[in-house]
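The values are calculated or read from the model by the stated rules, or taken from the named source; none is laboratory data. What you are looking at is a predicted structure, and each value in this text was computed from that prediction instead of being measured. Here Cβ is always computed from backbone atoms with ideal geometry, including for glycine, and neighbour counts include all displayed protein chains.
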Amino acid sequence: MVAELEGRTNALRVPVFDPQFWPSDAEIGIASVPHSDGTPLSDGAEYLTTDVEGITATGLKGSKVLVVDFGAYGPIFSGGLYFGVEDETYLATSVLWAGSVATIRFQPGLRQDHTDARVRLRPRLIMRLVDDQGGELPLERGIIGAPSLEMVEVLPDELSLMEAEA
């Protein structure tokens, strides 16, 4: 993995590992689902949902409040929990519910404008190594090791520069 990152050249999508604060699988409705046209894969298998589906948000860069309709999910999370808009993670400071509609106050403000962007209750970040020398995998007896990575979030402006350089 360290070699694939090529120093700060490439990035990874990293889940925010705090599952004790995520809504449960039952609350999210983890299930297998077919293609959008209702058909399964050729072998009969289906996709596994891992987060809320069909929930979107629209907001301007810098905004610290979103109004989101969670539909059938209803009041599924509260202030103090992390959520995501696309691949950006935010901390909800308060969530006020009116039926299935949540008014979410959060920190920091939106990093970019969003229109109908996917909302995640199991958020993830785009991250890269802090510097070109970062990341190591010391091996014991040539086979046993524990990688060490020091990473930083890639902000939307930086991501567009990375994509332009690729």
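Please tell me if Val85 is touching a Gly at 6+ places or on another chain (Cβ under 8 Å) and at pLDDT below 80. Working first, answer last.
Numbers: touching a Gly at 6+ places or on another chain (Cβ under 8 Å): yes; at pLDDT below 80: no.
Against the criterion (touching a Gly at 6+ places or on another chain (Cβ under 8 Å) and at pLDDT below 80), Val85 does not qualify.
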Selection from region 40-62 of residues that are exposed (fewer than 13 other Cβ atoms within 10 Å of the Cβ) and either closer than 16 Å to Phe106 by Cα or of a type in the set (Lys, Arg) (or both):
Leu60, Lys61, Gly62
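Which residues, taken from region 64-79, are within 18 Å of Arg111 (Cα to Cα) and of a type in the set (A, V, I, L, M, F, W, C)?
Listed by number, the residues that qualify are Val65, Leu66, Val67, Val68.
Quick check on this structure: which one of Val65, Val2 is of a type in the set (A, V, I, L, M), more than 16 Å from the chain's Cα centre (by Cα), surrounded by 10 or more Cβ atoms within 10 Å (Cβ to Cβ) and modelled with pLDDT under 70?
Details: Val65 fails: modelled with pLDDT under 70.
When all the criteria are applied, what remains is Val2.
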Between a first residue in region 54-69 that is free of Cβ contacts under 8 Å to residues at least 24 places away in the same chain and a second residue that is not polar (S, T, N, Q), which pairs have beta carbons less than 9 Å apart while being 6 or more apart in sequence or on different chains?
Gly54/Gly71; Gly54/Arg118
Can you find a residue in region 24-47 that is over 19 Å from Ala92 (Cβ atoms), at pLDDT below 85 and part of a helix (DSSP H, G or I)?
yes
Meets criteria (in a strand (DSSP E or B) and of a type in the set (Asp, Glu)) for Asp51:
no
Which of the following residues is crowded, with 18+ Cβ neighbours inside 10 Å and over 16 Å from the mean Cα position of the chain (by Cα): Ala117, Ala92, Ala102?
Ala102
